[in-house]
Amino acid sequence: MNNVLSNRINNLSTSQTLAMAALARELKAQGKDIISLSLGEPDFNTPDFIKEAAKKAIDENYSTYTPVDGYVELKEAICRKFKRDNNLEYTPGNIVVSTGAKQSLYNVAQVMLNEGDEVILPAPYWVSYYEIIKLSGGVPVEVPTSVETDFKITPEQLEKAITPKTKMMWFSSPCNPSGSVYNREELTAIGKVLDKHPNIYIVSDEIYEHINFSGTFCSIASIPGLFDRTITVNGVAKAFAMTGWRIGYIGAPEFIAKACTKMQGQVTSGANSIAQRATITAVEADPSVLNNMVAAFKNRRDLVVGLAKEIPGLKINIPEGAFYLFPDVSSFFGKTLRGKMINNADDLSMYLLSEANVATVTGDAFGNPNCLRISYATSEDLLTEAFKRIKEALS
Ligand code: PMP
Ligand code: GLU
């Protein structure tokens, strides 16, 4: 049937995070004792005060179409959040609310990229950047990093990757999948390179902003000279345990925000009304309401780093944010484990699924074929059991 479907869809890869999560779910439904460390999704419930706001919104009949770019009260609340947390001065005309940060990213790609425009992706990058850029006619240009440099790019690497066709650079900090957090000095150094190339725009995906153990957070838009060419992407999925509510947003130069609004006016008509009302409460809340959840993620980070260090052959960085561990597993390539040849990270991920009943995601999907991504957004008991199984399967 491939000749019936468009080239666009035939050339699109399936989201590996969602595919692995679906496979793990299927195996569980068949009765297998699978521990899924594949999907990046908090295992907490959405806080009660946000749920109450949603219930109130239903009772108050927020049931009609919303403005395409989001309720003005929500956009104002997002502006106050950007000021409070990031020292960024956006006004409602800079804000577009969308159906998850994923759609925010998709809008930006669709409205900014022409056929052949290059987008620099420090690798590892979040799985969907690559395909969203491709789908929009752009050419992803990967800049590889490794565990030795905490998976961060250097200014020299960025400089080298820039060509006359470079339109944008996309990155996340804290990074999915490496957990790396760029500090102000590092972002300033990147800004110095970009100063020489004033036509390059930046997508800064800050969805893990609050799940950050490094003690500081810096938005690249706050680096002098970069505000007017940065699209700051954020959302409530991760920090407020609201993945299913599907609300993301951008702060961007007004002409880009207007273009994204025009795009989503033809595609979704805007994000869900009830979820938007609830999000007002979420973004207005003091981030200290997240302290317990963030502390739990930090304990789990410490736990999995300790457990991973006990497994010979895994090379790790210390993730400073998000909820992923991204071990380099290349020492297993070329080896035979329990009769199975391991050629690459895909093989190892499938091996761990079949032999250890633990679901992970191959690093290949994130632009680093030497690594595996392990989501530690699950209980300490399950993490301990999962690492025990991984250790046994790899020994
Ligand atoms: N960016 C990154 C780095 C993510 O990990 C995710 C997780 N899905 C998203 C964007 C998309 O977020 P949302 O669920 O709001 O679409
Ligand atoms: N962002 C999460 C992840 O990387 C959720 C899955 C997805 O949206 O692709 O696992």
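Throughout, read-outs are computed from the coordinates displayed, never taken from laboratory work. Keep in mind that this is a model prediction, so the values were computed, not measured. Cβ sites come from the backbone with ideal geometry, for glycine too, and all protein chains shown count toward neighbours.
Things worth noting here:
- Efficiency of FRET between LYS28 and THR91 - r from beta-carbon atoms, R0 45 angstrom, step 0.05: 0.45
- Two-site FRET efficiency, GLN266 against ASN10, from Cβ-Cβ distance with R₀ of 35 Å, rounded to 0.05: 0.90
- Tensor-based shape of region 77-172 (alpha-carbon gyration tensor, a/c under 1.5 rounded, otherwise prolate or oblate): oblate
- Residues in region 161-178 reached by a label modelled at ASN199 [backbone nitrogen below 18 Å; 7 Å Cα→Cβ]: 161-170
- DSSP-assigned coil residues among trypsin sites (Lys or Arg not before Pro) in region 167-254, each with at most 10 further Cβ atoms within 10 Å: LYS196
- Of CYS175, CYS79, CYS371, the one that fluctuates the most in a GNM where the chain has Cα springs shorter than 10 Å: CYS79
- Cut-off of 10 Å, at most 11 other beta carbons, DSSP loop: longest stretch of the chain lacking such GluC sites (Glu not before Pro): 116-309
- Under the combined filter of DSSP loop state and at most 11 neighbouring Cβ atoms within 10 Å, region 287-366 retains these trypsin sites (Lys or Arg not before Pro): ARG338.
- Considering only VAL329, VAL267, VAL233, the mean-square fluctuation computed in a Gaussian network model of the chain, springs between alpha carbons under 10 angstrom, is largest for VAL267.
- Helices in the chain, meaning DSSP H runs of at least 4 residues, each add -39500 (n - 2.57). Divided by all residues, the mean residue ellipticity at 222 nm is -12500 deg cm²/dmol.
- Unsatisfied cross-links (Cα-Cα over 31 Å) in the set LYS134/LYS160; LYS32/LYS309; LYS160/LYS258; LYS315/LYS340; LYS81/LYS258; LYS102/LYS298: LYS160/LYS258
- Reach of LYS152 by Cα under 18 Å, taken over aspartates and glutamates that are not fewer than 8 positions away in the same chain: GLU142, GLU185, GLU186, ASP205, GLU206, GLU209, GLU320, ASP328, ASP364
- Looking at the chain alone, DSSP beta bridges between its own residues are antiparallel in about 45 percent of cases.
- Rounded if a/c under 1.5, otherwise prolate or oblate - region 301-344, Cα gyration tensor axes: prolate
- By definition, a body whose alpha carbon gyration tensor gives a ≥ b ≥ c is rounded when a/c is under 1.5, and region 91-228 falls into this rounded group.
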